[in-house]
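Q: Please find one structure pasted underneath; my questions will follow.
The values are calculated or read from the model by the stated rules, or taken from the named source; none is laboratory data. Keep in mind it's a predicted model, so treat the numbers as computed, not measured. For neighbour counting, all protein chains shown are included, and Cβ atoms are generated from backbone atoms with ideal geometry for every residue, glycine included.
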Amino acid sequence: MDKKFKTAMLGYDKAQVDEYVKKREADIEALVEDSKEKIKQAQRIAVKANEELDALKKEMDMIKAELDRLKKQGQ
């Protein structure tokens, strides 16, 4: 952000500086809100992935149990 301000008597133009600061604050707030939404999305994805992982683990346990049962039957 290389912003150059016009100089006024005894310094910078206060209105121009205030306008620039307000714009940057709005930009930062928009980025913060976007980041918060992306974090929420990532959390939802993580929850869903964990639920799917748990379901796959249960399925794998059932398959192992069935395999063990079949091995015992074959002996």
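Q: Filter region 12-63 for residues that are of a type in the set (Lys, Arg) and under 21 Å from Asp2 (Cβ atoms) and give the result.
A: Hits for region 12-63 are Lys14, Lys22, Lys23, Arg24.
Q: Which of the following residues is among the basic types (Lys, Arg) and at pLDDT 95 or above: Lys4, Lys22?
A: Lys22
Q: So if I check each of Lys57, Lys22, Lys36, Lys72, which one is among the charged types (D, E, K, R) and over 29 Å from the mean Cα position of the chain (by Cα)?
A: Just a single option satisfies the conditions, and that option is Lys72.
Q: Right, here's the next one. So which residues in region 4-30 are surrounded by 10 or more Cβ atoms within 10 Å (Cβ to Cβ) and part of a loop (DSSP other than H, G, I, E, B), if there are any at all?
A: If the condition is that a residue be surrounded by 10 or more Cβ atoms within 10 Å (Cβ to Cβ) and part of a loop (DSSP other than H, G, I, E, B), then Phe5, Asp13 are the ones that fit.
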